Structures are given as C-alpha cells and as structure tokens.
Ligand SMILES: [Zn+2]
C-alpha cells in the first residue's frame, strides 16, 4: 500500500519494506481482535470492603474484610465510572480488557513506525530553513510608510 500521494505534494513518501511488513502484521492482528468484538476499555480490579455494621468482623482487629469483589473501572468524559461485576463476569470480561490493551499497544507501535519514517525522511537532509522565530512577545513594528517607487530585485 505504498505510493499514497498528497495531491499538493506529488512526491510520494516511500515506506521501507521492513516498515511495511511490520505494519501488515499489525493490521492483521488489529483486524483479528476487532473481529471478535470483545473489546472493553478500563480495568477490572479486586476490592475488599468494610460494611456499615460496627460489630462486623470487617471492623475487628485485625479486620476480616468482605469480598473479594470485582470492579470494572473506566473513564467516561474524564470521570471515573465503576461497576461491580460477579466473579463469572470478571472471568469472562478480563479477556476483553486484555484485548483493548493489545489494540492500544498495536496502535502505539504503528505510530512509532510512522514517527521513525518521518525521522528518516530524506527531505530533512535538504538545505535547512531558518527556524521560525517566535515573535509573539515582540511588539509588531509599525508598517513602514508606503514607498511609491517599485523595487525590483
Ligand atoms: Zn462487615
């Protein structure tokens, strides 16, 4: 799938064969995981809790906490949302969580390949342009009075 050309820049970026081979492998694994449909964000953690009864063993010394219980935790709109799971649900859905982690790892690897390709772009070897100066802190110069003569170079 090389030779994707930006219409504004007809130079195609060539992808190294090793890069292409790894991307193809990643794509196959991504597709295989996606095809299962078994992907769940967040994490499942074991919790042990105290109840509200002061004479319960969970308040003794040493305490015997309730549980273990399983809790699925995820972020929704930057807030942490939790939900209790049965042991059977924990057993089944942990694999979904693992699939989600693998998808993220694979995407991160693809992005790293892309960053490596950009680093290796031969156009970095060309005449370097002067770095753009950060002029935000400088007062803008007043526009020069208009010169009516034509300047040619
Ligand atoms: Zn208790």
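Some notes on this structure:
- The set of residues in region 36-51 that are over 14 Å from residue 83 (Cα atoms) and not in a loop (DSSP other than H, G, I, E, B) comprises 36, 48, 49.
- Any chance residue 47 is closer than 30 Å to residue 16 by Cα, modelled with pLDDT of 95 or more and either touching a helix residue (DSSP H, G or I) at 6+ places or on another chain (Cβ under 9 Å) or within 16 Å of the ligand (Cβ to nearest atom) (or both): no
- Of the residues making up region 57-72, those that are surrounded by 14 or more Cβ atoms within 10 Å (Cβ to Cβ) and either more than 11 Å from residue 90 (Cα to Cα) or free of Cβ contacts under 8 Å to residues at least 12 places away in the same chain (or both) are 58, 59, 65, 66.
- When residues of region 52-83 are limited to those that are in a strand (DSSP E or B) and within 16 Å of the ligand (Cβ to nearest atom), the one farthest from residue 38 (Cα to Cα): 66
The values are calculated or read from the model by the stated rules, or taken from the named source; none is laboratory data. Values in this document were obtained by computation on a predicted structure and should not be read as measured data. Because the Cβ atoms are built from the backbone with ideal geometry, glycine has one as well, and the counts that use them run over all protein chains shown.
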